[in-house]
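J.: Let me give you the structure first, and then I'll get to my questions.
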Amino acid sequence: MSTSEATTPAASAGATSAVEQRLTELGLTLPEVAAPVAAYVPAVVSGNHVYTSGQLPFVGGRLEETGKVSSGAEGASDEATVSPEDAQRYAAICAVNALAAVKSVIGDLDRITRIVKVVGFVSSDPSFTGQPGVINGASELLGKVLGDAGQHARSAVGVSVLPLDSPVEVELIAEFA
């Protein structure tokens, strides 16, 4: 997971990549990648692929919402719930944080030739089955900023709980040249 801030500009100087320009057009700014808080790194390069750690939807250094994703029609949980629409937006934030992790190890997001795989985890009320729709937030964001290179294989998994009670977590594998 990342403790990056989705509204903090990236630290690298120089020209902005076309991918970052598309993010800006969508009203998003690539965040800094904060130091990990446990025994992992935000991203690893192996050959011509970058594997990111799971990214949480941190904005301004914190989670805007915590709890299980629920449409409200199912379950009788006393726990905090997050709407599928909000969770979908948080999945997009996770994808932006994942792109920041990719940039931290390859330097320029324009080097991405394909997002190979996205894995999304949704902290779900036991009756909630809309995980694919939630993770569409990440998939659609990647398509908007990377075009055809953003088309990917994907898994959307419902889980009982995520770190820090986050409603969603996303990791990805990116190929680069």
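The values are calculated or read from the model by the stated rules, or taken from the named source; none is laboratory data. Predicted, not measured: the structure shown is a model, and the values here were computed from it. Methodologically, a virtual Cβ is constructed for each residue, glycine included, from the backbone with ideal geometry; neighbour enumeration extends over all protein chains shown. For accessibility, only protein heavy atoms count, side chains too; no ligands or nucleic acids. Shrake-Rupley method; radii C 1.70, N 1.55, O 1.52, S 1.80 Å.
J.: Accessible area of Ser17, 1.4 Å probe, to the nearest 10 Å²?
T.: Number for this one is 10 Å².
J.: For the chain, what relative contact order do you get, as a whole percent, if you take Cα pairs closer than 8 Å and at least 6 residues apart?
T.: Relative contact order for the chain comes out at 29 percent.
J.: Taking the dipole about the Cα centre of the stretch 98-157, with the C-beta of Lys and Arg at +1 and of Asp and Glu at -1, give me whichever of Phe121, Gln151, Ser139 is farthest to the positive side.
T.: Highest projection toward the positive end goes to Gln151.
J.: Run the numbers for Thr113 and Glu85: contour at 0.36 nm per residue of separation, minus the present Cα-Cα distance, in nm.
T.: Full extension of this stretch gives 7.1 nm more.
J.: Pick from Ser70, Ser127, Ser166 the residue whose mean-square fluctuation is largest in a GNM of the chain, springs joining Cα atoms under 10 Å.
T.: The residue with the greatest mean-square fluctuation here is Ser127.
J.: Projected onto the charge dipole of the chain (+1 at Lys/Arg Cβ, -1 at Asp/Glu Cβ, origin at the Cα centre), which of Val96, Leu109, Pro167 gives the Cα projection farthest towards the positive end?
T.: Of the candidates, Leu109 comes out farthest on the positive side.
J.: Of Lys103, Lys144, Lys68, which is the most mobile in a GNM of the chain whose springs link Cα atoms less than 10 angstrom apart?
T.: Among Lys103, Lys144, Lys68, the largest mean-square fluctuation in the Gaussian network model of the chain belongs to Lys144.
J.: Please give the charge dipole size of the chain, origin at the Cα centre, charges +1 on K and R Cβ atoms and -1 on D and E Cβ atoms. Round to the nearest 20 debye.
T.: Working: 10 positive and 20 negative charges, 107 e Å.
Computed charge dipole of the chain: roughly 520 debye.
J.: Using a Gaussian network model on the chain with a 10 Å cutoff between Cα atoms, which of Leu99, Leu26, Leu141 fluctuates the most?
T.: Greatest mean-square fluctuation among the candidates belongs to Leu26.
J.: Give a quick list of chymotrypsin sites (Phe, Trp or Tyr not before Pro) in the stretch 40-147 that DSSP marks as loop, anything other than H, G, I, E or B, with at most 13 other Cβ atoms within 10 Å.
T.: For chymotrypsin sites (Phe, Trp or Tyr not before Pro) across the stretch 40-147 that sit outside H, G, I, E and B with at most 13 neighbouring Cβ atoms in 10 Å, the list reads Tyr40.
J.: Here is a further query. What angle do you read, to the nearest 10 degrees and between 0 and 90, between the alpha-carbon axis of helix 131-146 and the longest principal axis of the chain?
T.: 20
J.: By how many degrees, 0 to 90 and rounded to 10, does the Cα axis of helix 84-106 deviate from the longest principal axis of the chain?
T.: Orientation of helix 84-106: about 30 degrees from the principal axis.
J.: Which label belongs to the value computed from this structure, given these candidates for Kirkwood radius over Cα pairs in Å: (i) 16.5; (ii) 16.0; (iii) 18.4?
T.: (ii)
J.: Tell me the Kirkwood radius of the stretch 68-162: reciprocal of the mean inverse pair distance over distinct alpha-carbon atoms, in Å.
T.: It is 14.0 Å.
J.: Evaluate the charge dipole of the stretch 82-165 about its Cα centre and quote only its size in Debye, nearest 20, assuming +1 on the Cβ of each Lys and Arg and -1 on the Cβ of each Asp and Glu.
T.: 300
J.: Straight distance only, please: which lysines reach the Cα of Lys103 with their own Cα at less than 22 Å, same-chain residues fewer than 8 apart left out?
T.: Partners within reach: Lys117, Lys144.
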